[in-house]
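These notes concern the structure reproduced below.
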(Lines give C-alpha, C1' and ligand atoms only; values in the text may rest on other atoms or scores of the structure.)
Protein backbone atom coordinates (compact mmCIF):
# COMPACT_ATOMS: atom_id res chain seq x y z
CA UNK A 1 0.00 0.00 0.00
CA UNK A 2 1.50 3.31 -1.11
CA UNK A 3 -0.79 6.04 0.24
CA UNK A 4 -3.05 4.56 2.96
CA UNK A 5 -6.35 6.32 3.42
CA UNK A 6 -9.38 5.61 5.58
CA UNK A 7 -12.19 4.91 3.13
CA UNK A 8 -14.60 7.79 2.64
CA UNK A 9 -17.52 5.54 3.54
CA UNK A 10 -16.16 5.19 7.08
CA UNK A 11 -16.58 8.35 9.11
CA UNK A 12 -14.05 9.05 11.86
CA UNK A 13 -15.31 10.17 15.28
CA UNK A 14 -12.83 11.23 17.96
CA UNK A 15 -14.68 10.48 21.20
CA UNK A 16 -13.52 10.54 24.81
CA UNK A 17 -10.72 8.00 25.18
CA UNK A 18 -11.70 6.23 21.96
CA UNK A 19 -11.91 6.62 18.20
CA UNK A 20 -14.86 5.27 16.27
CA UNK A 21 -14.47 4.25 12.62
CA UNK A 22 -17.64 3.77 10.64
CA UNK A 23 -21.27 3.83 11.67
CA UNK A 24 -23.63 0.96 12.38
CA UNK A 25 -23.20 -2.59 13.62
CA UNK A 26 -21.81 -3.85 10.30
CA UNK A 27 -19.01 -1.35 9.87
CA UNK A 28 -18.33 0.41 13.15
CA UNK A 29 -15.32 -0.37 15.32
CA UNK A 30 -13.90 1.43 18.34
CA UNK A 31 -10.22 1.94 19.00
CA UNK A 32 -9.16 2.54 22.59
CA UNK A 33 -7.41 5.91 22.54
CA UNK A 34 -6.22 6.70 26.04
CA UNK A 35 -4.07 9.84 26.10
CA UNK A 36 -4.85 10.20 22.37
CA UNK A 37 -2.43 7.41 21.61
CA UNK A 38 -3.74 6.86 18.06
CA UNK A 39 -5.12 10.30 17.22
CA UNK A 40 -2.09 11.42 15.26
CA UNK A 41 -1.89 8.18 13.30
CA UNK A 42 -5.57 8.17 12.35
CA UNK A 43 -5.44 11.79 11.19
CA UNK A 44 -2.47 10.99 8.96
CA UNK A 45 -4.36 8.19 7.20
CA UNK A 46 -5.68 10.69 4.67
CA UNK A 47 -4.12 9.36 1.48
CA UNK A 48 -1.43 12.04 1.33
CA UNK A 49 1.46 10.21 2.98
CA UNK A 50 3.41 7.02 2.43
CA UNK A 51 3.76 4.54 5.27
CA UNK A 52 7.37 5.60 5.79
CA UNK A 53 6.31 9.24 6.00
CA UNK A 54 3.60 8.39 8.51
CA UNK A 55 6.14 6.48 10.61
CA UNK A 56 8.37 9.53 10.74
CA UNK A 57 5.49 11.94 11.46
CA UNK A 58 3.94 9.97 14.33
CA UNK A 59 6.03 10.83 17.38
CA UNK A 60 4.36 8.65 20.03
CA UNK A 61 4.40 5.23 18.30
CA UNK A 62 7.23 3.08 17.02
CA UNK A 63 7.50 2.39 13.31
CA UNK A 64 6.61 -1.22 14.03
CA UNK A 65 3.44 -0.16 15.89
CA UNK A 66 2.44 2.14 13.02
CA UNK A 67 2.97 -0.55 10.40
CA UNK A 68 1.08 -3.16 12.42
CA UNK A 69 -1.82 -0.75 13.01
CA UNK A 70 -2.05 0.10 9.30
CA UNK A 71 -1.88 -3.57 8.36
CA UNK A 72 -4.67 -4.44 10.80
CA UNK A 73 -6.95 -1.63 9.58
CA UNK A 74 -6.30 -2.71 6.01
CA UNK A 75 -7.12 -6.35 6.77
CA UNK A 76 -10.36 -5.25 8.46
CA UNK A 77 -11.33 -3.35 5.32
CA UNK A 78 -11.08 0.23 6.58
CA UNK A 79 -8.27 1.41 4.32
CA UNK A 80 -7.71 1.93 0.62
CA UNK A 81 -4.65 2.93 -1.35
CA UNK A 82 -5.13 6.49 -2.57
CA UNK A 83 -2.39 5.83 -5.11
CA UNK A 84 -4.66 3.40 -6.97
CA UNK A 85 -6.76 5.13 -9.62
CA UNK A 86 -8.30 4.12 -12.93
CA UNK A 87 -8.09 5.36 -16.50
CA UNK A 88 -11.05 3.23 -17.62
CA UNK A 89 -13.63 5.40 -15.87
CA UNK A 90 -14.09 8.98 -17.01
CA UNK A 91 -14.20 11.90 -14.60
CA UNK A 92 -17.95 12.12 -15.28
CA UNK A 93 -18.38 8.46 -14.36
CA UNK A 94 -16.27 8.79 -11.22
CA UNK A 95 -18.43 11.71 -10.14
CA UNK A 96 -21.77 10.14 -11.03
CA UNK A 97 -20.98 6.77 -9.47
CA UNK A 98 -19.10 8.09 -6.43
CA UNK A 99 -21.72 6.73 -4.02
CA UNK A 100 -21.63 3.38 -5.84
CA UNK A 101 -17.88 3.40 -5.25
CA UNK A 102 -18.44 4.10 -1.56
CA UNK A 103 -20.70 1.05 -1.39
CA UNK A 104 -18.18 -1.10 -3.26
CA UNK A 105 -15.62 -0.07 -0.67
CA UNK A 106 -17.64 -2.04 1.89
CA UNK A 107 -17.13 -5.21 -0.17
CA UNK A 108 -13.96 -7.28 -0.49
CA UNK A 109 -11.33 -4.81 -1.67
CA UNK A 110 -8.30 -6.98 -1.00
CA UNK A 111 -8.61 -8.64 -4.42
CA UNK A 112 -10.73 -6.01 -6.20
CA UNK A 113 -10.70 -2.23 -5.88
CA UNK A 114 -13.86 -0.16 -5.84
CA UNK A 115 -13.03 0.82 -9.43
CA UNK A 116 -12.87 -2.84 -10.47
CA UNK A 117 -16.45 -3.37 -9.31
CA UNK A 118 -17.72 -0.36 -11.25
CA UNK A 119 -15.78 -1.46 -14.33
CA UNK A 120 -17.40 -4.89 -14.17
CA UNK A 121 -20.77 -3.15 -14.40
CA UNK A 122 -19.61 -0.86 -17.20
CA UNK A 123 -18.42 -3.81 -19.30
CA UNK A 124 -21.68 -5.78 -18.93
CA UNK A 125 -24.25 -6.04 -21.72
CA UNK A 126 -27.90 -6.72 -20.85
CA UNK A 127 -30.73 -7.78 -23.15
CA UNK A 128 -34.03 -6.66 -21.60
CA UNK A 129 -37.24 -8.13 -23.00
CA UNK A 130 -40.14 -5.90 -22.02
CA UNK A 131 -40.04 -2.36 -20.63
CA UNK A 132 -43.40 -2.26 -18.91
CA UNK A 133 -43.99 -2.27 -15.15
CA UNK A 134 -41.10 -4.46 -14.03
CA UNK A 135 -38.92 -3.74 -17.06
CA UNK A 136 -38.98 0.03 -16.68
CA UNK A 137 -37.90 -0.30 -13.04
CA UNK A 138 -35.10 -2.66 -14.07
CA UNK A 139 -34.01 -0.15 -16.73
CA UNK A 140 -33.76 2.60 -14.16
CA UNK A 141 -31.96 0.38 -11.64
CA UNK A 142 -29.38 -0.70 -14.23
CA UNK A 143 -28.83 2.90 -15.30
CA UNK A 144 -28.26 3.82 -11.65
CA UNK A 145 -25.70 1.03 -11.31
CA UNK A 146 -23.91 2.12 -14.47
CA UNK A 147 -24.44 -1.01 -16.58
CA UNK A 148 -22.54 -0.16 -19.74
CA UNK A 149 -24.90 -1.41 -22.43
CA UNK A 150 -28.63 -2.19 -22.36
CA UNK A 151 -30.67 -3.40 -25.32
CA UNK A 152 -34.39 -3.05 -24.57
CA UNK A 153 -37.10 -4.68 -26.67
CA UNK A 154 -40.81 -3.83 -26.67
CA UNK A 155 -43.58 -3.24 -29.21
CA UNK A 156 -46.23 -1.40 -27.20
CA UNK A 157 -47.47 2.18 -27.13
CA UNK A 158 -47.60 4.19 -23.90
CA UNK A 159 -51.14 4.30 -22.50
CA UNK A 160 -52.57 6.22 -19.56
CA UNK A 161 -53.18 2.93 -17.72
CA UNK A 162 -49.43 2.20 -17.82
CA UNK A 163 -48.60 5.16 -15.62
CA UNK A 164 -49.55 3.52 -12.31
CA UNK A 165 -46.42 1.37 -12.52
CA UNK A 166 -44.22 2.10 -15.56
CA UNK A 167 -41.76 4.58 -14.13
CA UNK A 168 -39.95 5.54 -17.34
CA UNK A 169 -43.02 7.21 -18.84
CA UNK A 170 -45.03 10.33 -18.08
CA UNK A 171 -48.35 11.80 -19.17
CA UNK A 172 -46.70 13.59 -22.10
CA UNK A 173 -45.56 10.19 -23.45
CA UNK A 174 -49.09 8.82 -23.93
CA UNK A 175 -49.44 7.69 -27.54
CA UNK A 176 -45.70 7.38 -28.12
CA UNK A 177 -43.93 4.11 -28.82
CA UNK A 178 -42.56 2.78 -25.55
CA UNK A 179 -39.06 2.21 -26.88
CA UNK A 180 -38.73 5.80 -28.07
CA UNK A 181 -40.15 7.26 -24.85
CA UNK A 182 -37.87 4.99 -22.80
CA UNK A 183 -34.83 5.96 -24.86
CA UNK A 184 -35.46 9.66 -24.27
CA UNK A 185 -36.13 9.11 -20.56
CA UNK A 186 -32.93 7.08 -20.06
CA UNK A 187 -30.89 9.55 -22.11
CA UNK A 188 -31.95 12.34 -19.76
CA UNK A 189 -31.38 10.22 -16.67
CA UNK A 190 -27.97 8.78 -17.55
CA UNK A 191 -26.31 9.78 -20.83
CA UNK A 192 -23.14 7.89 -19.85
CA UNK A 193 -24.54 4.45 -20.68
CA UNK A 194 -25.38 2.94 -24.07
CA UNK A 195 -29.12 2.33 -24.30
CA UNK A 196 -30.29 0.69 -27.50
CA UNK A 197 -33.96 0.02 -28.22
CA UNK A 198 -35.76 -2.27 -30.65
CA UNK A 199 -39.43 -1.77 -31.51
CA UNK A 200 -40.19 -5.44 -32.07
CA UNK A 201 -42.91 -7.95 -31.27
CA UNK A 202 -41.39 -11.32 -30.38
CA UNK A 203 -43.25 -14.04 -32.24
CA UNK A 204 -41.01 -17.09 -32.08
CA UNK A 205 -38.05 -18.73 -30.44
CA UNK A 206 -36.02 -17.73 -33.52
CA UNK A 207 -36.76 -14.08 -32.74
CA UNK A 208 -35.18 -14.55 -29.31
CA UNK A 209 -32.20 -16.32 -30.92
CA UNK A 210 -31.59 -13.33 -33.16
CA UNK A 211 -31.88 -10.84 -30.30
CA UNK A 212 -29.34 -12.74 -28.21
CA UNK A 213 -26.91 -12.89 -31.11
CA UNK A 214 -27.23 -9.30 -32.30
CA UNK A 215 -27.20 -7.74 -28.81
CA UNK A 216 -24.05 -9.68 -27.83
CA UNK A 217 -25.51 -9.80 -24.34
CA UNK A 218 -24.00 -11.30 -21.22
CA UNK A 219 -27.35 -11.59 -19.42
CA UNK A 220 -30.96 -11.86 -20.61
CA UNK A 221 -33.76 -10.38 -18.52
CA UNK A 222 -37.22 -11.59 -19.49
CA UNK A 223 -40.12 -9.54 -18.17
CA UNK A 224 -42.21 -9.66 -21.35
CA UNK A 225 -45.84 -10.71 -20.86
CA UNK A 226 -46.73 -11.48 -24.47
CA UNK A 227 -47.55 -13.88 -25.92
CA UNK A 228 -48.71 -15.53 -22.70
CA UNK A 229 -48.02 -19.26 -22.73
CA UNK A 230 -45.19 -18.96 -25.24
CA UNK A 231 -42.69 -16.22 -24.41
CA UNK A 232 -41.20 -17.85 -21.30
CA UNK A 233 -40.68 -21.15 -23.13
CA UNK A 234 -39.05 -19.45 -26.14
CA UNK A 235 -36.69 -17.42 -23.97
CA UNK A 236 -35.80 -20.45 -21.88
CA UNK A 237 -34.93 -22.58 -24.91
CA UNK A 238 -32.84 -19.82 -26.49
CA UNK A 239 -30.93 -19.07 -23.29
CA UNK A 240 -30.12 -22.74 -22.76
CA UNK A 241 -29.00 -23.05 -26.39
CA UNK A 242 -26.71 -20.01 -26.19
CA UNK A 243 -25.68 -20.62 -22.57
CA UNK A 244 -26.93 -17.25 -21.30
CA UNK A 245 -28.05 -16.50 -17.77
CA UNK A 246 -31.68 -15.41 -17.78
CA UNK A 247 -33.50 -13.66 -14.94
CA UNK A 248 -37.26 -13.36 -14.99
CA UNK A 249 -39.89 -11.79 -12.76
CA UNK A 250 -43.67 -11.79 -12.67
CA UNK A 251 -46.23 -9.73 -10.79
CA UNK A 252 -49.45 -11.73 -10.61
CA UNK A 253 -51.69 -9.16 -8.96
CA UNK A 254 -51.19 -9.86 -5.21
CA UNK A 255 -48.30 -12.27 -5.67
CA UNK A 256 -44.98 -12.25 -7.44
CA UNK A 257 -42.17 -14.59 -8.34
CA UNK A 258 -38.59 -14.34 -9.55
CA UNK A 259 -36.53 -17.14 -11.03
CA UNK A 260 -33.30 -17.62 -12.94
CA UNK A 261 -32.25 -19.87 -15.79
CA UNK A 262 -28.64 -21.00 -15.41
CA UNK A 263 -28.08 -23.37 -18.32
CA UNK A 264 -26.96 -26.87 -17.25
CA UNK A 265 -26.23 -25.66 -13.70
CA UNK A 266 -29.80 -25.55 -12.38
CA UNK A 267 -33.40 -26.28 -13.34
CA UNK A 268 -34.46 -24.47 -16.51
CA UNK A 269 -37.94 -23.03 -17.04
CA UNK A 270 -39.14 -26.23 -18.70
CA UNK A 271 -37.94 -28.18 -15.66
CA UNK A 272 -40.08 -25.84 -13.56
CA UNK A 273 -43.01 -26.50 -15.90
CA UNK A 274 -42.59 -30.26 -15.49
CA UNK A 275 -42.48 -29.87 -11.71
CA UNK A 276 -45.60 -27.70 -11.73
CA UNK A 277 -47.38 -30.34 -13.87
CA UNK A 278 -46.67 -32.98 -11.25
CA UNK A 279 -48.24 -30.80 -8.56
CA UNK A 280 -51.09 -29.39 -10.70
CA UNK A 281 -51.85 -31.75 -13.64
CA UNK A 282 -54.65 -29.50 -14.97
CA UNK A 283 -52.01 -26.85 -15.69
CA UNK A 284 -51.39 -28.56 -19.07
CA UNK A 285 -54.99 -27.96 -20.17
CA UNK A 286 -54.86 -24.37 -18.95
CA UNK A 287 -51.66 -23.70 -20.91
CA UNK A 288 -53.04 -25.25 -24.09
CA UNK A 289 -56.23 -23.19 -23.78
CA UNK A 290 -54.26 -19.96 -23.29
CA UNK A 291 -52.17 -20.76 -26.36
CA UNK A 292 -55.22 -21.10 -28.59
CA UNK A 293 -57.27 -18.08 -27.53
CA UNK A 294 -57.09 -14.31 -27.80
CA UNK A 295 -58.44 -11.45 -25.69
CA UNK A 296 -57.57 -8.41 -27.77
CA UNK A 297 -58.61 -6.98 -31.11
CA UNK A 298 -55.07 -5.67 -31.66
CA UNK A 299 -53.14 -8.82 -30.72
CA UNK A 300 -53.20 -12.22 -32.37
CA UNK A 301 -52.56 -14.16 -29.17
CA UNK A 302 -53.51 -14.06 -25.49
CA UNK A 303 -52.14 -11.53 -23.01
CA UNK A 304 -52.73 -11.95 -19.29
CA UNK A 305 -54.91 -9.12 -17.88
CA UNK A 306 -52.85 -6.73 -15.76
CA UNK A 307 -53.48 -5.90 -12.12
CA UNK A 308 -49.98 -4.92 -11.03
CA UNK A 309 -49.30 -2.07 -8.62
CA UNK A 310 -46.29 0.17 -9.07
CA UNK A 311 -44.77 -0.74 -5.72
CA UNK A 312 -44.91 -4.45 -6.60
CA UNK A 313 -43.19 -3.81 -9.94
CA UNK A 314 -40.52 -1.74 -8.20
CA UNK A 315 -39.79 -4.51 -5.68
CA UNK A 316 -39.47 -7.13 -8.41
CA UNK A 317 -37.41 -4.87 -10.65
CA UNK A 318 -34.90 -3.98 -7.98
CA UNK A 319 -34.72 -7.59 -6.78
CA UNK A 320 -33.67 -8.49 -10.33
CA UNK A 321 -31.10 -5.68 -10.39
CA UNK A 322 -29.49 -7.06 -7.22
CA UNK A 323 -29.41 -10.54 -8.75
CA UNK A 324 -27.62 -9.05 -11.75
CA UNK A 325 -25.12 -7.34 -9.46
CA UNK A 326 -24.50 -10.55 -7.52
CA UNK A 327 -23.92 -12.51 -10.72
CA UNK A 328 -21.53 -9.94 -12.22
CA UNK A 329 -19.45 -9.71 -9.04
CA UNK A 330 -19.48 -13.27 -7.70
CA UNK A 331 -20.95 -15.64 -10.30
CA UNK A 332 -24.08 -17.76 -10.58
CA UNK A 333 -23.63 -19.49 -7.21
CA UNK A 334 -24.17 -16.14 -5.48
CA UNK A 335 -27.67 -15.79 -6.95
CA UNK A 336 -30.46 -16.02 -4.39
CA UNK A 337 -32.46 -17.75 -7.12
CA UNK A 338 -29.78 -20.35 -7.88
CA UNK A 339 -32.02 -23.39 -8.49
CA UNK A 340 -34.72 -21.67 -6.43
CA UNK A 341 -37.88 -19.74 -7.20
CA UNK A 342 -38.59 -16.70 -5.07
CA UNK A 343 -42.22 -15.99 -4.20
CA UNK A 344 -43.72 -13.03 -2.39
CA UNK A 345 -47.18 -12.05 -1.18
CA UNK A 346 -47.32 -8.29 -1.65
CA UNK A 347 -50.11 -7.88 0.91
CA UNK A 348 -48.55 -9.78 3.82
CA UNK A 349 -44.93 -9.61 2.60
CA UNK A 350 -44.59 -13.33 3.26
CA UNK A 351 -41.62 -14.54 1.22
CA UNK A 352 -40.06 -17.89 0.52
CA UNK A 353 -37.54 -19.60 -1.75
CA UNK A 354 -38.64 -22.94 -3.18
CA UNK A 355 -35.96 -25.42 -4.22
CA UNK A 356 -36.39 -26.52 -7.84
CA UNK A 357 -35.92 -29.96 -9.39
CA UNK A 358 -33.59 -30.46 -12.33
CA UNK A 359 -35.29 -33.04 -14.54
CA UNK A 360 -33.11 -35.59 -16.39
CA UNK A 361 -36.03 -36.00 -18.81
CA UNK A 362 -36.25 -32.28 -19.62
CA UNK A 363 -36.32 -31.90 -23.41
CA UNK A 364 -34.54 -28.53 -23.22
CA UNK A 365 -31.66 -28.98 -20.79
CA UNK A 366 -31.89 -32.76 -20.45
CA UNK A 367 -30.97 -32.48 -16.82
CA UNK A 368 -27.41 -32.26 -18.08
CA UNK A 369 -24.55 -30.36 -16.54
CA UNK A 370 -22.27 -28.30 -18.73
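Here are some notes:
- Complete set of residues in the range 65-86 that are more than 18 Å from residue 11 (Cα to Cα) and surrounded by fewer than 16 Cβ atoms within 10 Å (Cβ to Cβ): 65, 67, 68, 71, 83, 84, 85, 86
- When the range 70-101 is filtered for residues that are touching a residue at least 60 places away in the same chain (Cβ under 8 Å), in a helix (DSSP H, G or I) and farther than 22 Å from residue 29 by Cα, the ones remaining, listed by number, are 92, 93, 96.
- Checking each residue of the range 161-182 against the condition of being in a strand (DSSP E or B), surrounded by fewer than 19 Cβ atoms within 10 Å (Cβ to Cβ) and free of Cβ contacts under 8 Å to residues at least 24 places away in the same chain gives at least one match.
- Contact map, the range 346-360: first residue free of Cβ contacts under 8 Å to residues at least 12 places away in the same chain, second residue surrounded by 10 or more Cβ atoms within 10 Å (Cβ to Cβ), Cβ cut-off under 6 Å, separation 6 or more or different chains; pairs are 351/344; 352/343; 360/367.
- Selection count where residues are outside any helix (DSSP H, G or I) and free of Cβ contacts under 8 Å to residues at least 12 places away in the same chain, scope the range 27-61: 1
- Meets criteria (at pLDDT 95 or above, surrounded by 13 or more Cβ atoms within 10 Å (Cβ to Cβ) and not assigned by TED's automatic domain parsing to the domain that holds residue 138) for residue 62: no
- Which listed residue, of 207, 232, 218, 276, is under 15 Å from residue 134 (Cβ atoms) and in the same structural domain as residue 315 (by TED's automatic domain parsing): 232
The values are calculated or read from the model by the stated rules, or taken from the named source; none is laboratory data. Predicted, not measured: the structure shown is a model, and the values here were computed from it. A quick note on method: Cβ atoms are made from the backbone with ideal geometry, for glycine too, and the neighbour counts reach across all protein chains shown.
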